[in-house]
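This report refers to the structure that appears directly beneath it.
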Amino acid sequence: MKFFFKIKNINKIFYNMFFNLIIFYQKIVSPIIPARCRYYPTCSNYGKQALTWHGARKGGWLLLKRLSRCHPLGGHGIDFVPLPLASYNYQYISFTDVLNTDNQGLGVYRDNNSYVSQLNHLMKST
């Protein structure tokens, strides 16, 4: 059990280190050099979003892959962070179960734990 907490703390340390390094780059280095981004969103925004959605390990790997593509012979265009679909649990909810609940309104099912609502919450925090 202690090993799990150590790994979690190490991931949090690396997350904070990468995130603060990106913020330092955006506030100090980026205003000095001229804008020449080949992708949308910029690599620093991509990195912040990848770290927030995927964590230090996978988000760092996605950022490293993106930075390796950012050169004159590399690609260009729109390149969004892949959605973290594997981290959510999906289950079937029958239509009759949704309609039989009293706290839903007029047959409209409002889920505060859905994938879209969690992504919206993540977007508010960045």
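Since every read-out is calculated from the coordinates, none of them should be taken as a lab result. Treat the numbers as computed from the prediction; the structure is a model and nothing was measured. Reconstructed Cβ throughout: ideal geometry from the backbone, glycine too, with neighbour counts over all protein chains shown.
Summary of values
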quantity	calculated
Members of region 34-90 that are on the phi > 0 side of the Ramachandran plot and assigned to a helix (DSSP H, G or I)	G55
Residues of region 12-39 classified as within 27 Å of G75 (Cβ to Cβ) and among the polar types (S, T, N, Q), total	2
Residue in region 38-51 that is of a type outside the set (A, V, I, L, M, F, W, C) and touching a Lys or Arg at 6+ places or on another chain (Cβ under 6 Å) present	yes
Residues satisfying the stated conditions in region 1-50, i.e. over 25 Å from H71 (Cα atoms) and either among the aromatic types (F, W, Y) or touching a Gly at 6+ places or on another chain (Cβ under 7 Å) (or both)	F3, F4, F5, N11, F14, Y15
